[in-house]
Amino acid sequence: MTDLGRILLATGLLAMLGHVHAETDADDIVSKANLAAYYAGADGRSEVRMTIQDAQGRQQRRQFTVLRRDVEESRDQDFLVVFSQPSDVRGTVFLVKKHVGTDDDRWLYLPGLDLVKRISAGDKRTSFVGAHYFYEDVSGRSPDEDEHTLLETSDEWYVLEHTPKNSSGVEFASYVTWIDRKTFLPMKIEYRNAAGRLYRRVEVLEVTDIDGHPTVTKSRVSDLDSDGVTNMEFRYIAYDIGMPETVFSERSLRRPPRDWLKRPAGDQ
């Protein structure tokens, strides 16, 4: 083999190794971001104030408490969301049994109808109680559902593009995430449709350190097609409070666990 041939071969091998390394880095970054966003502590609670605004500036408000528990020895999780305000949604409860590698189990209890509704996998990217947030946003999208590519690394951000492995059941063709290099929290996500048009944006507006965990305390979702916006403020956040598995049973849909929904002592 000539010297030129050896150089070309070495260059090709380096390019291949670099490509493999970049893909590995992208998957590793996404895994760390998923842990930072959804797995702080073994369990947690927060009270959420949500403001939904349409293009005319008309607003609706929601208040609810989110309880979350990690399932031991797996990445599975349980979520319970209990609405307290306004009166027309008070008592509405959303329960998620998040399963890594397969579809989540999701139920919605509607007190006005005394009805427990099973939410199918195909409904997870539909509006969450009239907001611009989706059901899937509550418990997160599994990293295994998408292919990840590292587009850029700056002093502040990892910028990644994600494309769904299975396009059925999702309205986007791709999305780009800006991940904070210090905290690994996803700070901005932009979604594009099949035509390449940007139509949805999720932004973190404020991060606070709580019990050693960088935590999102203000966020916003913008529907760029309708000019609608939903803002969320997270308060009374606590981690590692020892919630038992029974909190996340189907029984809690009709009889929410009041003791675990109370604000922490001193935060009344």
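The values are calculated or read from the model by the stated rules, or taken from the named source; none is laboratory data. None of these values were measured; they are calculated from a predicted model. When we count neighbours, we look across all protein chains shown, and the Cβ atoms used for this are built from the backbone with ideal geometry, even at glycine.
Restricting attention to strands (runs of 3 or more DSSP E) lying wholly within segment 163-250, give those where 1 or more residues are charged (D, E, K, R) and more than 28 Å from LYS262 (Cα to Cα). Don't jump to the end; show me each part of the working.
Details: elements: 174-180, 186-192, 198-210, 213-223, 228-239.
Qualifying strands (runs of 3 or more DSSP E): 174-180, 186-192, 198-210, 213-223.
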Check: Of these, GLU206, GLU147, which one is surrounded by fewer than 16 Cβ atoms within 10 Å (Cβ to Cβ), farther than 26 Å from VAL66 by Cα and free of Cβ contacts under 8 Å to residues at least 60 places away in the same chain?
Finding: GLU147
Check: For the subset of segment 134-179 comprising residues that are modelled with pLDDT under 95 and of a type in the set (Gly, Ala, Ser), which member is nearest to ARG106 (Cα to Cα)?
Finding: SER139
Item checked: Positions within segment 57-106 being β-branched (Val, Ile, Thr) and closer than 23 Å to ASN231 by Cβ, in sequence order -> THR65, VAL66, VAL81, VAL82, VAL89, THR92, VAL93, VAL96
Checklist line | For GLY91: the one exception among (1) part of a strand (DSSP E or B); (2) under 24 Å from ALA238 (Cβ atoms); (3) of a type outside the set (Lys, Arg) | finding: (1)
Item checked: segment 59-88, subset in a loop (DSSP other than H, G, I, E, B) and under 29 Å from ALA42 (Cβ atoms), residue modelled with the lowest pLDDT -> GLU73
Check: Can you tell which of VAL221, VAL216 is touching a residue at least 40 places away in the same chain (Cβ under 8 Å), β-branched (Val, Ile, Thr) and more than 16 Å from ALA40 (Cβ to Cβ)?
Finding: VAL221
Notebook entry, point to check: For the subset of segment 111-144 comprising residues that are crowded, with 17+ Cβ neighbours inside 10 Å and of a type in the set (A, V, I, L, M), which member is farthest from ARG181 (Cα to Cα)?
Noted result: ILE119
Check: Are any residues in segment 200-228 more than 13 Å from LEU185 (Cα to Cα) and of a type in the set (S, T, N, Q), and if so, which ones?
Finding: SER222, SER226
